[in-house]
Every structure is written in C-alpha cells, then in structure tokens.
Amino acid sequence: MESREKKKRCFVISPIGLEGSETREHADDVFEYIIKPALIECNIEPIRSDHVREPGKISESMFNEILNDDFCIAVLTDFNPNVFYELAIAQASLKPVIILLKKGQELPFDIHDLRCVYYDLKIRAVLNNEYKVQIIDFIKGLEKISWKVKPPWGDNNYSQSEFKMFIQSTDFGNPDKWMSILKGASNNFDIMGISLAPWRKHYDFIDTILAKAKSGCKVRILIMHPDNPCLQELINDDSSESRKFEETSRKIKDMFKFFSGVTDQNIQVRQIFRGCPHYQITRSNNLLVSISYLYSRNTEFSPLIECTPDSGLYSLFLNEFESLWNANE
C-alpha cells in the first residue's frame, strides 16, 4: 500500500484522560497496539492531540488536525463527550472516519452505519493483528473511493463546493476581485447595501457597468435611504469614529447621487425606506457574495459568504434582495 505520493496523515480522536489514569492507559494501549501498527503498515502518519508539540491552544491544534489531515480514527469507547464533539466536526468537514469501539458497547443510533472496528485488548487478538487487519481493510476501502465520503446529512443540502466563508470580508480579495464579479455578469448584476461607497473607488466601475447595461445585462442598485428609521439602529455610535450616523447619512446621499448619474435603460436605482438590510449583497448570474452587517464591527471585518447558484444560500440571499427591491418600488 506504499505510495510515492506525500505521506498521508490520520488524526486519532480519542479519550485521553489524566496521565496515570485508567482512561489514559486504555487510550495508549489502543493507540500503540492497534491503531499505530495499522497506520504504519499503510505508510500513514498517526497523530493524537496530546502528541502535538506546537505552541497554541489545544482546541486550535485539534481543529487544525481534523480539518487538514486526510482522515480520522475515532475511539468512541465509554462515549466521551469531547470525542463525539470532535467526531461531529470531522463529519461536517467531510472527513472519512473509522470508528473503534470496545466489544460489549453499541454505537448510538445516529452513527450506527459508520465503519466500525469492535476491539478488545486480549493478548491473543492483539498478537494475531486481528483489529489491525480490519483497520487496514477499511483504509483500502477509502482508497478505492479516493478518500471521499458523502455528507452525513445526505445529498439534499449544501456541499462545500457550493459556498465559501471568510471570517472577515477583507480576506475575500482586493478591489479587482470585486470588479471581476461585475465583469463576469452576463444577464444580471445586483448590489445592495447601506451606502455601497467602495464601488465608487473602482476607477473603471462606470465604464464597466455602462458597457454591461448596453450589452443587455440588467443592473439593479439598492441603497439605504437616509430617512429609513432602521438606519440609526444599524450604526454603532460607540465606535471610535465620531458622528458616525451623520457621516453615513451624508455618504448615502452622495452615493445615491453618484449611482443615479449612471444612466441607461437597463440600470435601475432604488432606496430602502421600507425594511432593513442585514447584509451587503453583490450578485451576478453566476456568483453571489454577502457580507453580514454586525453591530459590533465595521463591514470590512464582518464575515463574508461566497456562493454559487446551485447553493440554497444563493436563492436565500437573492430572495432577500427581491423582497426589499419590491417593497421599495
């Protein structure tokens, strides 16, 4: 089973317990006599949380291993809550997981169909490599399906390929990345937000949006109305910027004037007087980007979601835009 490819890595999710405890002794025995021999024979590097020597929080190391390693082995013996938490993270991350459970215990109903090796630590079974062979067989099975597994919720929900999330919107990309959404639009281009001021900074915004409109692309711009009663509540005046509400109102008026000056029959501009936008939305017919409006932080530091039309999120955000657009006709 050895390969010239980069050595794969397996994160072992396991109850660990205090040093010298029965839990630690059992975990070490399972790791040393069952798991590790199987992985070494498959040329796979095994790692457990307490083996990580890098600085930082234990929880951060655990997340990093689960998200970046090739697959996981989870020892569910005695049903440790931390183990089930880590198992859930692995499943949600679409990581292949092999389950180990001590003989005499039963898998809970929700995970009863996962790959499972029922083991004990009797000398004869360990010396005969009984459980080691079972783990190797499971690994061979994962190799046959190219280490890809279906999400535990089935095929009726989002897959990771349908959307991306960025903790803060500045991680999405530079101004050229935003302009690429407009340049990639063919039939539709929508933007919605409180002031949408950053669009004015793009040197080729006006030329590009007019060219798109003249080619038949429908452009809709939905900007906040300065007299919307929700505006005051959306702005955190306790922030470091003084007179933020007055500045935002002035910026909205300037941007409405700017957008209204971009004239073409395929370009429409409306202001939100009814309803409250909770997101800044940029949408073309093949991509939608949404930034949450958070009271606690500025927009550039708020989370961003990028999604494609085959995602349910795309439809959800588009419906929000349509509702506010129609409410302010």
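The values are calculated or read from the model by the stated rules, or taken from the named source; none is laboratory data. Remember, predicted model here, so these are calculated numbers, not experimental data. Here the Cβ positions follow ideal geometry from the backbone for every residue, glycine too, while neighbour counts run over all protein chains shown.
A residue that is part of a strand (DSSP E or B) and surrounded by fewer than 20 Cβ atoms within 10 Å (Cβ to Cβ) cannot be found anywhere in region 307-325.
Each row is one residue, and each column tells you yes or no for (1) exposed (fewer than 15 other Cβ atoms within 10 Å of the Cβ); (2) of a type in the set (D, E, K, R); (3) not assigned by TED's automatic domain parsing to the domain that holds residue 203.
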{"position": "235", "(1), (2), (3)": "no, no, no"}
{"position": "247", "(1), (2), (3)": "yes, yes, no"}
{"position": "260", "(1), (2), (3)": "yes, no, no"}
{"position": "263", "(1), (2), (3)": "yes, no, no"}
{"position": "266", "(1), (2), (3)": "no, no, no"}
{"position": "270", "(1), (2), (3)": "no, yes, no"}
{"position": "282", "(1), (2), (3)": "no, no, no"}
{"position": "288", "(1), (2), (3)": "no, no, no"}
{"position": "291", "(1), (2), (3)": "no, no, no"}
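Criterion applied to 97, 75 was being over 23 Å from the mean Cα position of the chain (by Cα), within 19 Å of residue 133 (Cα to Cα), in the same structural domain as residue 12 (by TED's automatic domain parsing) and among the β-branched types (Val, Ile, Thr), and the one residue passing it is 75. In region 87-125, which residues are farther than 17 Å from residue 12 by Cα and not in a loop (DSSP other than H, G, I, E, B)? Within region 87-125, 109, 110, 111, 123, 124, 125 meet the criteria.
Apart from one condition, residue 291 fits all of (1) more than 18 Å from residue 169 (Cα to Cα); (2) among the hydrophobic types (A, V, I, L, M, F, W, C); (3) under 19 Å from the mean Cα position of the chain (by Cα); the exception is (1).
Any residue at all in region 145-154 that is aromatic (Phe, Trp, Tyr), within 23 Å of residue 64 (Cβ to Cβ) and not in a strand (DSSP E or B)? So far as region 145-154 goes, yes, one or more of its residues are aromatic (Phe, Trp, Tyr), within 23 Å of residue 64 (Cβ to Cβ) and not in a strand (DSSP E or B).
Taking (1) within 26 Å of residue 252 (Cβ to Cβ); (2) without any contact (Cβ under 8 Å) to a residue 24 or more places away in the chain; (3) touching a helix residue (DSSP H, G or I) at 6+ places or on another chain (Cβ under 8 Å) in turn, residue 176 satisfies each apart from (3).
Could you count how many residues in region 251-304 are in contact with a Leu (Cβ under 9 Å, 6 or more places away or on another chain), over 21 Å from residue 236 (Cα atoms) and in a loop (DSSP other than H, G, I, E, B)? Within region 251-304, residues that are in contact with a Leu (Cβ under 9 Å, 6 or more places away or on another chain), over 21 Å from residue 236 (Cα atoms) and in a loop (DSSP other than H, G, I, E, B) number 3. If only residues of region 272-287 that are of a type in the set (S, T, N, Q) and touching a helix residue (DSSP H, G or I) at 6+ places or on another chain (Cβ under 6 Å) are counted, the one that is farthest from residue 329 (Cα to Cα) is 284. Report yes if residue 18 is assigned to a loop (DSSP other than H, G, I, E, B), over 17 Å from residue 143 (Cα atoms), of a type in the set (A, V, I, L, M) and modelled with pLDDT under 95, otherwise no. Answer is yes for this residue. Can you spot a residue in region 260-274 that is among the basic types (Lys, Arg) and in contact (Cβ under 8 Å) with a residue 12 or more places away in the chain? Yes: one or more hits. Return a yes/no flag: does region 93-101 have any residue that is surrounded by fewer than 18 Cβ atoms within 10 Å (Cβ to Cβ) and out of contact with any helix residue (DSSP H, G or I) (no Cβ under 7 Å at 6 or more places or on another chain). Checked against the condition, which is being surrounded by fewer than 18 Cβ atoms within 10 Å (Cβ to Cβ) and out of contact with any helix residue (DSSP H, G or I) (no Cβ under 7 Å at 6 or more places or on another chain), region 93-101 yields no hits at all. Can you spot a residue in region 206-224 that is more than 33 Å from the chain's Cα centre (by Cα), in contact (Cβ under 8 Å) with a residue 40 or more places away in the chain and buried (at least 17 other Cβ atoms within 10 Å of the Cβ)? Within region 206-224 (the criterion being more than 33 Å from the chain's Cα centre (by Cα), in contact (Cβ under 8 Å) with a residue 40 or more places away in the chain and buried (at least 17 other Cβ atoms within 10 Å of the Cβ)), the answer is yes, since at least one residue qualifies.
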